[in-house]
Amino acid sequence: MGVTATNREPEFQVDRLFLDRWSPRAYSPEPIPHATLMTLFEAARWAPSCFNEQPWYFLYATEESGLQKMRAILVEKNRQWASQAPVLVLVCSHKFFKHNNQPNRWGAFDAGSAWMSLALQASMLGLYAHGMGGFDLDAAYRTLDLNREKIDIHAAAAIGRMGDPKLLPEDLAAREGPSSRKPLAEMVRVIS
Ligand SMILES: Cc1cc2nc3c(=O)[nH]c(=O)nc-3n(C[C@H](O)[C@H](O)[C@H](O)COP(=O)(O)O)c2cc1C
């Protein structure tokens, strides 16, 4: 079971869901039931998108052969901890709208929404989803046989239950825990 991010103090009233989602590096290798994993993707499925295009596209690995491919594309620092996770995911989107074949410049925005739905659903189930930008993009396209002309790869992610932070390398163990945020006033401005 997870840890409630009790050190996170919102400036205004907000549902605990948003505070309790965080990105641990200590993962338990315990497998995630297939139906539970599909529940996470189901949450992503219902995200909003421009023209309801649903441009997001997720690749996931749960079996050793697929996990090895995913681990191989991660940068070493991420491989150190993410190799424990029972599920590794690649968050992608289609670059072009289906209805007119024009570039979809909102694809990254929409894939981000879908990813956040997945991460929040994970949190609601006591699971954790940790996004990763630290991977070899060229290797990802090559290894996973994705068409660079048509597919954007946005991020990788580790999904699973929280493990024992004491098993992490020392530097990572020292950083383990829910982080804070910059003040609300720095991220909003009224239009007058
Ligand atoms: C697109 C993206 C890329 C990230 N890349 C990495 C990464 O390569 N390695 C890592 O350990 N964490 C990575 N993170 C996790 C962030 O560092 C983390 O989300 C951020 O510090 C906020 O902490 P929280 O998720 O625990 O609230 C990434 C997160 C996102 C959304």
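No value in this document is a laboratory result; all are computed from the given coordinates. The shown structure was predicted, so the numbers you read here are calculated from the model rather than taken from an experiment. All Cβ positions, glycine included, derive from the backbone under ideal geometry; neighbour counts span all protein chains shown.
Assorted remarks:
- Extension gain, residue 11 back to residue 77 (0.36 nm per residue minus Cα-Cα distance, nm): 20.4 nm
- Modelled spin labels at residue 186 and residue 141, positioned 7 Å past Cα toward Cβ, are 3.5 nm from each other.
- Each peptide in 154-161, 49-56, 182-189, 137-144 was scored by the mean count of other Cβ atoms within 10 Å over its residues; highest first, the order is 154-161, 49-56, 137-144, 182-189.
- Signed unit charges on C-beta, dipole axis of the chain, positive-most listed residue 12, 172, 106: 106
- Temperature 25 °C, viscosity 0.890 mPa s: under these conditions the Stokes-Einstein estimate for segment 1-66, based on its Kirkwood radius over C-alpha pairs, is 160 µm² per second.
- Charging the Cβ of each Asp and Glu at -1 and of each Lys and Arg at +1, and nothing else, the dipole of the chain about its Cα centre rounds to 300 debye.
- Environment charge at residue 71 (Cβ cut-off 14 Å; Lys +1, Arg +1, Asp -1, Glu -1): -1
- Site pair residue 166 and residue 109 shows an inter-label distance of 4.8 nm when each label is modelled 7 Å from Cα along Cα→Cβ.
- Other residues within the sphere of radius under 12 Å centred on the Cβ of residue 104, judged by their own Cβ, net out at +1 (K and R +1, D and E -1).
- Helical runs (DSSP H, four residues minimum) scored at -39500 (n - 2.57) apiece and divided by the length of the chain put the mean residue ellipticity at 222 nm at -9500 deg cm²/dmol.
- Local net charge near residue 58, Cβ-Cβ under 12 Å (Lys/Arg +1, Asp/Glu -1): 0
- Lys pairs under 24 Å by Cα in segment 32-162, provided they are eight or more residues apart or on distinct chains: 5
- Projecting the Cα positions of 141, 48, 75 onto the charge dipole of the chain (unit charges on Cβ atoms of Lys, Arg, Asp and Glu, taken about the Cα centre) puts 48 furthest along the positive direction.
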